[in-house]
Structure formats: structure tokens, C-alpha cells
Amino acid sequence: MTARTHHEAIVLGAGVSGIYQIKRLADLGIDSILLEADDDLGGTWYRNRYPGARFDSESYTYGYSFSKELLDEWHWKERFSSQPENLRYLNYVADKFDLRRHMRFNARVTSMAWQEESQVWHLTLEDGEMFSARFVITGIGVLSVPTPPRYPGMEDFEGEAFHTFWWPQEPVPLSGRRVGVIGTGATGIQVIGEIADKVGQLTVFQRRPNWSTPLNNSPISDQEMAEIRARYDEIFANCAASPNGFEHVPDRRGFYALSPEERRATWDALYDQPGFALLAGNFPEIFFDEAANREISDYIAERIRGRVHDPETAEKLIPKDHGFGMQRLPLETHYFEAYNRDNVRLVDISQTPIERITATGIQTVAEQIDLDLIVYATGFDAITGGFDQMEISGAGGQQLGEKWRQGPSTFLGLMSHGFPNLLMIAGPQSVSGSTNFPRAIEGAVDWATDLLVHARARGCTRFEATAEAERAWVDQVMAVHEKMLARRSQGWF
């Protein structure tokens with residue numbers, strides 16, 4: 001049997017969560033290691049290299065807040081930073097605080113089993129190497145497992161084809177090529193807006209449209225960056241006070257206290273502001289009141305019709321199955337204008353479904369469309385997908401996948417009854433999947449770290465959420481969810 005390497009704590013994942021978590025443990029002198037399945041750090045910002053990949057949170061609200069020195073040193077170049085810069089930032093953080101020495105790459109965990117007698121976790125890697133730890137903290141990401149489609153003939157295509165998550169590290173030629181993009185979610189919308197003017201022909205295959213509003217990105221000058229640094233305390237205080245972790249705060253004047261004309265003037269101003277202003281700075285009633293949501297949805301539909309020249313195409317780009325803000329809101333740059341270009345075509349696969357992938361392109365029920373490159377922007381197995389990649393056995397041999405088969409159940413989104421000494425950063429039923437991510441995970445990491453410190457100080461070798469506490473938390477999450485119109489949505493949010 002392969003010898004086990006023991007540590008007091010093991011962190012899984014070297015993305016935004018894991019980087020901060022391993023720093024906290026290292027600062028406390030806790031014997032710990034971070035295991036990362038990929039060959040380098042960065043998580044989301046290491047893998048998602050597709051054209052147009054960037055923050056939809058303001059850059060200066062996304063970075064870590066734990067170090068004033070780091071805040072003073074780093075200059076964000078754009079209001080919404082692109083993937084290459086985001087990855088440089090995370091590498092800068094890891095190098096500045098000498099965190100790589102605590103990280104092990106190409107270390108994919110395939111199974112974890114709790115040993116009640118010794119009160120430790122046993123972890124097995126893909127290559128058979130084994131580790132053990134008193135505590136395990138997962139930072140495996142909420143969107144870390146891509147879901148490629150399952151069309152017949154995918155292996156027959158003679159051109160290039162890949163899911164956006166697996167976009168190659170080397171440049172992909174686009175000029176003059178016939179490109180097909182399947183999917184118009186957040187990723188597809190970024191890709192389409194970025195490449196429409198760079199390819200020969202672009203065919204967009206859309207099953208169902210999503211609401212989308214302008215990103216309104218812009219450079220950050222040296223002077224503006226200096227002003228941002230001077231008010232970082234205020235920025236992070238505003239983020240902490242807002243429901244979504246952004247600087248945008250809800251408009252609490254009251255939806256019905258204003259006239260329709262006043263509401264429209266508010267929306268006109270928000271539409272032109274950066275980021276999630278129109279979503280997070282709107283009236284709270286749009287999330288709870290059907291009439292209010294219908295009015296804002298009609299407003300956004302009108303804006304789409306004003307930007308897309310062909311009325312038939314515009315209607316295909318307006319969602320009919322959910323209201324504005326009821327699913328994850330993609331932010332876009334020149335996305336709707338892309339459909340005004342002669343080299344861009346929208347294919348509605350709800351009307352003419354894809355039959356198969358052929359050697360030369362995509363066959364729908366209506367036609368064969370020849371392509372040189374197929375981009376699968378088909379999303380992720382969100383929230384629980386990363387956990388499903390591992391066989392996790394808790395107390396008494398209970399399987400986490402089996403426990404969560406009908407839906408996950410956690411306490412605070414951080415712990416699950418029956419799985420002692422296991423902490424989940426950005427776990428199911430936490431806010432981390434639907435907010436400004438680092439603002440949420442810093443709080444979660446600090447909470448998890450404080451719990452470990454508390455346990456160690458008292459000589460405690462085992463902690464676990466009670467079934468009662470877990471049930472109360474799930475009930476609270478569900479009660480809040482039932483009040484929102486989003487309860488009718490089929491989206492992963």
C-alpha cells in the first residue's frame with residue numbers, strides 16, 4: 001500500500017477560495033497543504049481562457065481585501081478585468097505571500113473517507129497517492145465541472161471543437177473561419193460579442209435566450225486607481241452592506257411610490273452604469289412582485305429591440321420563459337449589435353433542433369451548416385458538480401452523493417451532518433454562487449479558520465453540524481427562496 005502523507009489540514013482547490021484559505025492556515029502555522037487537480041493555480045481564471053472572458057464584478061471590488069499592502073501595490077487596468085490579467089493577479093498574490101510552497105499541483109482527489117476511530121480523513125489521488133488530515137476544507141469552485149453536449153457524431157467533426165472551459169492556452173485562429181457557437185448563456189454571450197468582428201462567418205445556435213445588459217467596461221487611469229486606493233475601506237464596507245457584495249445598493253424609495261416615468265428614468269440611468277447596476281441597484285420589488293418584474297422585463301425587451309435591427313431576430317433574443325433577474329444575468333459588450341452584422345446568423349434550435357455533428361459541421365433538422373470551429377458554450381454542472389467528481393464517504397460510510405441525491409443539505413453552506421471535520425467554502429446553500437465571489441468567500445474562509453482555531457485551542461479533534469441545525473438552515477434557505485419569483489426559474493441559480 002502507498003504510504004500516507006499526513007497533515008493537520010488539507011485544502012482542495014487553488015482558485016480564489018483555496019488561495020486565501022491556505023494563506024490563513026499558513027499564517028497560523030497550521031500544518032497544511034493545498035491539493036490542486038490542475039497543473040497550476042487560478043481555478044476559474046486558469047481554465048476559462050475563451051475570448052471575452054472577464055470579470056462582471058468591478059475589478060477593485062473583486063480583489064482580496066485582507067492586505068493593505070496588496071491593495072496599495074496592485075493596479076487594476078480595467079473596470080472589469082480580463083482573464084489574463086485576473087490570472088496574473090492570482091499568481092502575484094501567491095508569489096507575494098510565498099504560497100506555492102504549500103501547494104501541490106496535478107493532485108486530483110478521487111475519493112475521501114472519514115475514519116471514525118482515528119478521527120481523520122483519508123484522501124486518495126487519481127495516481128493512487130494517499131493523504132490523511134484531521135480537517136479538510138474544499139475550495140473546489142461552484143462552476144468547475146463543464147457540461148459538454150451529447151450530440152451524435154461529435155467525434156466525427158474534422159475541424160476544431162472544444163468546450164469554453166477547455167479553451168486552449170495557445171491562440172486559436174479566428175480570422176476568416178466559419179465558427180459555430182452553441183449556447184447563449186453568460187459564457188456564450190461573452191464569446192459572441194468578442195469574436196463577431198474577427199471571424200469569417202459566425203453561426204449562433206440558441207436553444208433559449210437570456211436577459212443581458214451592458215457591461216459598460218472602461219480603462220482605469222492612474223489617477224482613478226489612486227482614488228480607488230484611497231477609499232478601499234469605504235468600498236469594502238459598501239460591499240459588505242449590500243445584498244450581493246457589490247457597491248451597487250438597492251433603490252429603496254419604493255417601486256410604487258414613483259410614477260412609471262420616474263421608474264423609467266431610473267432604469268435609463270442604471271442601464272448606462274457599469275456592471276450589475278441595473279440588477280443590484282434596482283427596486284427590490286422586481287424580485288418579489290410579478291407586476292414590477294413584468295414592467296422591468298418589458299423595459300429590457302424594449303432596449304433589446306432598439307439595439308437589434310431585424311425585428312424577427314430581436315424577438316428571438318428576448319426571453320419568454322422567465323423574467324428579468326430570475327436567472328443568472330449575463331453582462332455583455334456589443335452582444336446585441338453582433339446580430340446586426342452580415343457575417344452573423346442566429347439559428348433557433350428550439351425550432352430547428354440539432355440532429356448531429358457531422359464531419360464538416362452541424363446538421364439541424366432543417367439544414368447542414370459547414371463550420372471550421374465549434375465552440376460549446378454549454379455551461380457547467382453548477383454548485384455540486386465538483387463534489388460529484390469525488391467519492392466522499394462520511395461517518396458510518398454514508399455517501400455524500402447519496403445524501404444529496406434529492407438535493408443538497410448543509411448548515412450555513414459550510415458543513416453537512418454526517419461528514420465531520422469537512423468544511424466547504426462556497427458550498428451549496430451559501431451565497432457564494434450568486435454574489436461578488438471574493439466578498440463572500442473571504443467571510444466563509446475566516447469563519448472556517450476561526451472554527452479550526454477554536455477546536456484546536458480546546459483540544460477538540462471532531463466537530464460536526466447537528467441534524468437539527470442543518471434542517472433549520474435548509475428550511476430558512478427554502479423559506480427565503482419561496483418568497484422570490486426566482487422560485488419558478490429552471491436556471492441553476
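The values are calculated or read from the model by the stated rules, or taken from the named source; none is laboratory data. Keep in mind that what you see is a predicted model, and the values were worked out from it rather than measured. All Cβ positions, glycine included, derive from the backbone under ideal geometry; neighbour counts span all protein chains shown. The protein model used for the area step is the full one, side chains on, heavy atoms only, and it has no ligands, DNA or RNA in it. Shrake-Rupley method; radii C 1.70, N 1.55, O 1.52, S 1.80 Å.
General remarks:
- Among the conditions (1) touching a helix residue (DSSP H, G or I) at 6+ places or on another chain (Cβ under 6 Å); (2) open to solvent by 20 Å² or more (accessible area, probe 1.4 Å), the only one that residue 42 does not satisfy is (2).
- Of all residues in the stretch 114-157, those being of a type in the set (Gly, Ala, Ser), surrounded by fewer than 16 Cβ atoms within 10 Å (Cβ to Cβ) and farther than 27 Å from residue 48 by Cβ number 2.
- Within the stretch 178-190, the set of residues being in a strand (DSSP E or B) and under 15 Å from residue 349 (Cα atoms) comprises 180, 181, 182.
- The set of residues in the stretch 458-493 that are among the charged types (D, E, K, R) and assigned to a helix (DSSP H, G or I) comprises 468, 470, 471, 475, 482, 487, 488.
- Boolean, residue 10 is more than 17 Å from residue 166 (Cα to Cα), among the aliphatic types (A, V, I, L, M) and surrounded by 23 or more Cβ atoms within 10 Å (Cβ to Cβ): yes
- For the stretch 16-29, the set of residues classified as open to solvent by 10 Å² or more (accessible area, probe 1.4 Å) and touching a residue at least 24 places away in the same chain (Cβ under 8 Å) consists of 16, 20, 23, 24, 26, 28, listed by residue number.
- Residue 280 passes every criterion in (1) closer than 17 Å to residue 485 by Cα; (2) under 27 Å from the mean Cα position of the chain (by Cα); (3) open to solvent by 40 Å² or more (accessible area, probe 1.4 Å) apart from (3).
- Apart from one condition, residue 193 fits all of (1) of a type outside the set (A, V, I, L, M); (2) open to solvent by 30 Å² or more (accessible area, probe 1.4 Å); (3) in a helix (DSSP H, G or I); the exception is (2).
- When residues of the stretch 283-312 are limited to those that are open to solvent by 10 Å² or more (accessible area, probe 1.4 Å), within 17 Å of residue 249 (Cα to Cα) and free of Cβ contacts under 8 Å to residues at least 60 places away in the same chain, the one nearest to the chain's Cα centre (by Cα): 284
- Any hit, the stretch 63-76, residues being at pLDDT 95 or above, among the basic types (Lys, Arg) and in a loop (DSSP other than H, G, I, E, B): no
- Summed over the stretch 458-493, residues that are of a type in the set (Val, Ile, Thr) and surrounded by 13 or more Cβ atoms within 10 Å (Cβ to Cβ) total 3.
- Where helices (runs of 4 or more DSSP H) sit wholly within the stretch 209-284, those with at least 1 residues that are under 25 Å from residue 298 (Cα atoms) occupy 260-271, 277-280.
- Residues of the stretch 50-75 classified as in contact with a Leu (Cβ under 8 Å, 6 or more places away or on another chain) and without any contact (Cβ under 8 Å) to a residue 60 or more places away in the chain, total: 0
Quick grid of which residues meet (1) of a type in the set (D, E, K, R); (2) within 30 Å of residue 141 (Cβ to Cβ); (3) out of contact with any strand residue (DSSP E or B) (no Cβ under 7 Å at 6 or more places or on another chain):
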{"position": "349", "(1), (2), (3)": "no, yes, no"}
{"position": "356", "(1), (2), (3)": "yes, no, no"}
{"position": "364", "(1), (2), (3)": "no, no, no"}
{"position": "368", "(1), (2), (3)": "no, no, no"}
{"position": "382", "(1), (2), (3)": "no, yes, yes"}
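- Scanning the stretch 56-78 for residues that are in contact with a strand residue (DSSP E or B) (Cβ under 9 Å, 6 or more places away or on another chain) and either surrounded by 18 or more Cβ atoms within 10 Å (Cβ to Cβ) or farther than 28 Å from residue 279 by Cβ (or both) yields 56, 59.
- Enumeration of residues in the stretch 153-166 that are under 30 Å from residue 318 (Cβ atoms) and in contact with a helix residue (DSSP H, G or I) (Cβ under 8 Å, 6 or more places away or on another chain): 161, 164, 165
- Unmet requirement for residue 83, which otherwise passes all of (1) open to solvent by 20 Å² or more (accessible area, probe 1.4 Å); (2) within 19 Å of the chain's Cα centre (by Cα): (1)
- Counting only strands (runs of 3 or more DSSP E) that fall entirely inside the stretch 92-177 and contain at least 3 residues that are more than 17 Å from residue 391 (Cα to Cα), the qualifying elements are 160-163.
- Members of the stretch 430-457 that are in a loop (DSSP other than H, G, I, E, B) and either open to solvent by 20 Å² or more (accessible area, probe 1.4 Å) or at pLDDT 95 or above (or both): 430, 431, 435
- Candidates are the residues of the stretch 223-277 that are small (Gly, Ala, Ser) and in contact (Cβ under 8 Å) with a residue 12 or more places away in the chain; the one that is surrounded by the fewest Cβ atoms within 10 Å (Cβ to Cβ) is 254.
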